[in-house]
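Asker: Below: one structure in structure tokens.
The values are calculated or read from the model by the stated rules, or taken from the named source; none is laboratory data. Since the model is a prediction, treat every value here as computed from it, not as a measurement. Please note: Cβ atoms are built from the backbone with ideal geometry, for glycine as well, and neighbour counts cover all protein chains shown. Accessible surface is based on the protein model in full, side chains and every heavy atom, while ligands, DNA and RNA are left aside. Shrake-Rupley method; radii C 1.70, N 1.55, O 1.52, S 1.80 Å.
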Amino acid sequence: MVNVIGGGLAGTEAAYQLVKRGISVKLFEMRPKNNTPAHTTENLAELVCSNSLGSKELASAQGLLKEELKMMGSLLIPLAEKAQVPAGGALAVDREEFSLLVTEALEKEPLLEIIREEVSEIPQGPTIIATGPLTSDTLATSLAEFLGDEYLHFYDAAAPIVTKDSLDESNGFWASRYGKGSGEYFNAPLNKEEYEIFYEALTSAESANKHAFEEKAFFEGCMPIEEIARRGFDTLRFGPLKPVGLIDSKTGKEPYAVVQLRQDDREGRLYNLVGFQTSLKWGEQKRVFSLIPALKEAEFVRLGVMHRNTFINAPRSLLPTFQVKKRGDLFLAGQLTGVEGYVESIASGLLAGVNLSRLQQSKELIVLPETTLLGALPRYITSASTENFQPMNANFGLLPLPQEKIRPKAKRKEFYANRSLRDLGEFIGEKELLQN
Ligand SMILES: Cc1cc2nc3c(=O)[nH]c(=O)nc-3n(C[C@H](O)[C@H](O)[C@H](O)COP(=O)(O)OP(=O)(O)OC[C@H]3O[C@@H](n4cnc5c(N)ncnc54)[C@H](O)[C@@H]3O)c2cc1C
């Protein structure tokens with residue numbers, strides 16, 4: 001018997017993978033007795049916000065991840081397809097129907113017991129914790145104590161991330177402030193006129209709606225860039241866009257303002273915009289940030305978000321098998337691990353469930369090939385920089401580049417999808433992953 005805590009997207013997928021392999025599961029869900037600030041029903045696998053699980057296109061990261069999950073025998077993705085509503089190229093669902101389908105499917109499982117209780121401490125024995133971004137305070141405290149205080153982050157802002165490939169390097173320069181380090185930062189300068197245009201657009205752009213509880217986090221947490229900007233025309237030039245100590249190698253001068261981009265993954269394919277945490281609407285972020293000359297063609301793999309989030313410092317505490325380093329029979333899954341998004345949470349639940357069942361059956365634990373998103377995402381979250389670790393969604397920037405450049409971009413995306421499905425198919429066969 002094993003415990004799964006949290007009947008959200010990750011916990012339900014994990015529980016299903018376990019019972020399917022003959023392992024008895026106690027699934028703990030605190031709703032409806034205790035609610036979170038965002039959930040509104042007592043159903044398992046409730047979607048708290050958008051009803052979209054992203055693109056269906058195979059040549060998109062969201063589409064490919066869903067296909068990989070289906071190949072791995074996911075419960076939730078086929079049920080989402082069953083509950084789908086028309087939404088063009090996206091898999092959008094009737095959220096009530098979807099969560100009811102998942103609840104009913106799990107209630108039928110003879111090896112599964114659903115216990116409607118809050119778990120306030122990490123239990124003994126084999127366990128998956130998948131309590132999500134809104135983990136109850138008691139359990140969050142218990143986790144913080146176990147992992148060490150600094151290992152649990154309460155986080156409310158993220159800055160956008162772009163691919164290095166898409167930076168216009170002719171409009172920027174590589175340097176570190178005051179020449180410290182070896183010029184690891186990409187600097188995107190703005191002259192006075194460009195800064196004025198950017199400033200105007202930033203301060204007049206539209207913010208995303210926030211849940212009431214997020215307002216609090218918003219004021220207590222780090223300040224969004226648009227809020228800093230509203231304090232005065234020059235505030236950004238003394239804050240995140242300060243040019244001091246940065247000499248543009250092309251002009252030999254300090255620019256009027258500079259946006260710095262910092263490497264975000266070990267391989268150096270992704271760069272984040274330093275200090276650009278924001279609560280602007282996603283479309284607005286693309287529009288406004290593309291006004292920075294070196295970012296005019298930037299490909300955004302993650303846009304800034306602001307909401308309460310509980311996640312661990314995965315590169316410090318977690319293995320790519322989703323085991324906690326300090327305790328081999330304790331697994332984490334879902335948004336708590338630093339993956340970002342509905343489908344990513346389902347993916348981590350599936351992998352944690354498969355691995356805990358393998359542990360119970362004394363089988364070797366698995367990490368999927370790095371050419372698949374199911375393999376690349378856990379590798380990323382467990383090997384990213386431990387300093388200022390931020391959650392990550394599925395994107396092609398996580399996958400190894402093709403040996404030779406493939407253009408146009410559409411062809412490259414097709415290549416990623418084909419390579420992933422081929423490698424995943426081979427891996428599933430080799431490790432007999434679909435057998436109990
Ligand atoms: C406000 C908000 C909006 C979001 N919007 C989107 C979006 O539009 N699109 C997107 O892709 N992602 C979104 N996310 C991010 C994320 O993908 C979802 O939160 C996703 O549901 C995470 O899956 P999960 O399984 O980790 O957590 P959840 O689906 O939240 O599941 C966790 C479950 O654990 C239960 N629980 C918590 N503590 C305990 C405890 N101590 N004992 C027992 N049960 C407990 C909760 O009641 C919940 O049912 C959003 C997140 C938030 C907070």
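Asker: Here are the criteria: (1) free of Cβ contacts under 8 Å to residues at least 24 places away in the same chain; (2) within 14 Å of the ligand (Cβ to nearest atom); (3) touching a strand residue (DSSP E or B) at 6+ places or on another chain (Cβ under 9 Å); (4) of a type outside the set (Val, Ile, Thr). Tell me which single one Lys82 does not satisfy.
Answerer: Failed condition: (2).
Asker: Here are Pro293, Pro320: which of them is of a type outside the set (S, T, N, Q), outside the structural domain of Pro123 (by TED's automatic domain parsing) and open to solvent by 10 Å² or more (accessible area, probe 1.4 Å)?
Answerer: Values: Pro320 fails: outside the structural domain of Pro123 (by TED's automatic domain parsing).
Every option except Pro293 fails the conditions.
Asker: Of all residues in region 250-268, which are of a type outside the set (D, E, K, R) and more than 25 Å from Thr382 (Cα to Cα)? Talk me through it step by step, then tell me what you get.
Answerer: As a first pass, look at region 250-268 and keep what is of a type outside the set (D, E, K, R): 251-252, 255-261, 263, 268.
The answer is Thr251, Gly252, Pro255, Tyr256, Ala257, Val258, Val259.
Asker: Between a first residue in region 27-52 that is closer than 21 Å to Glu340 by Cα and a second residue that is near the ligand (Cβ under 9 Å from one of its atoms) and aromatic (Phe, Trp, Tyr), which pairs have beta carbons less than 7 Å apart while being 6 or more apart in sequence or on different chains?
Answerer: Within 7 Å, the pairs are Pro37/Phe213; Leu47/Tyr342.
Asker: Within region 100-110, can one find any residue that is touching a helix residue (DSSP H, G or I) at 6+ places or on another chain (Cβ under 6 Å), part of a helix (DSSP H, G or I), within 12 Å of the ligand (Cβ to nearest atom) and not polar (S, T, N, Q)?
Answerer: yes
Asker: Restricting attention to region 19-42, which residues are more than 9 Å from the ligand (Cβ to nearest atom), assigned to a loop (DSSP other than H, G, I, E, B) and open to solvent by less than 40 Å² (accessible area, probe 1.4 Å)?
Answerer: Across region 19-42, the qualifying residues are Arg21, Ile23, Thr41.
Asker: Shifting gears a bit: What's the total number of residues in region 1-18 that are hydrophobic (A, V, I, L, M, F, W, C), more than 7 Å from the ligand (Cβ to nearest atom) and crowded, with 23+ Cβ neighbours inside 10 Å? Can you show your working first?
Answerer: Keep residues of region 1-18 that are hydrophobic (A, V, I, L, M, F, W, C), which gives 1-2, 4-5, 9-10, 14-15, 18.
So of that shortlist, the ones also more than 7 Å from the ligand (Cβ to nearest atom) come out as 1-2, 4, 14-15, 18.
Remaining after also requiring crowded, with 23+ Cβ neighbours inside 10 Å: 2, 4, 14-15, 18.
Adding up the residues that qualify gives 5.
Asker: Of the residues Leu106, Leu101, only one is buried (at least 16 other Cβ atoms within 10 Å of the Cβ), over 22 Å from the mean Cα position of the chain (by Cα) and free of Cβ contacts under 8 Å to residues at least 60 places away in the same chain; which? Lay out the reasoning, then the answer.
Answerer: Numbers: Leu106 fails: free of Cβ contacts under 8 Å to residues at least 60 places away in the same chain.
Matching residue, one of Leu106, Leu101: Leu101.
Asker: Related question: Please verify whether region 395-402 includes one or more residues that are in a strand (DSSP E or B) and either open to solvent by less than 10 Å² (accessible area, probe 1.4 Å) or among the charged types (D, E, K, R) (or both). Break it down stepwise before answering.
Answerer: Kept after step one, since they are in a strand (DSSP E or B), are these residues of region 395-402: none.
For region 395-402, residues in a strand (DSSP E or B) and either open to solvent by less than 10 Å² (accessible area, probe 1.4 Å) or among the charged types (D, E, K, R) (or both): absent.
Asker: Please specify each residue of region 115-127 satisfying the condition of being away from the ligand (no atom under 11 Å from the Cβ) and in contact (Cβ under 8 Å) with a residue 40 or more places away in the chain. I'd like the intermediate steps shown before the answer.
Answerer: To start, the set of residues in region 115-127 that are away from the ligand (no atom under 11 Å from the Cβ) comprises 124-127.
Those that are away from the ligand (no atom under 11 Å from the Cβ) and in contact (Cβ under 8 Å) with a residue 40 or more places away in the chain: Gly125, Pro126, Thr127.
Asker: Exactly one of these conditions fails for Ala59: (1) surrounded by fewer than 19 Cβ atoms within 10 Å (Cβ to Cβ); (2) touching a helix residue (DSSP H, G or I) at 6+ places or on another chain (Cβ under 6 Å); (3) closer than 24 Å to Asn436 by Cβ. Give me its number.
Answerer: Of everything listed in (1) surrounded by fewer than 19 Cβ atoms within 10 Å (Cβ to Cβ); (2) touching a helix residue (DSSP H, G or I) at 6+ places or on another chain (Cβ under 6 Å); (3) closer than 24 Å to Asn436 by Cβ, Ala59 misses just condition (3).
Asker: Name the single residue, out of those in region 323-355 being more than 18 Å from the chain's Cα centre (by Cα) and β-branched (Val, Ile, Thr), that is surrounded by the most Cβ atoms within 10 Å (Cβ to Cβ).
Answerer: Only one residue tops the list, namely Val354.
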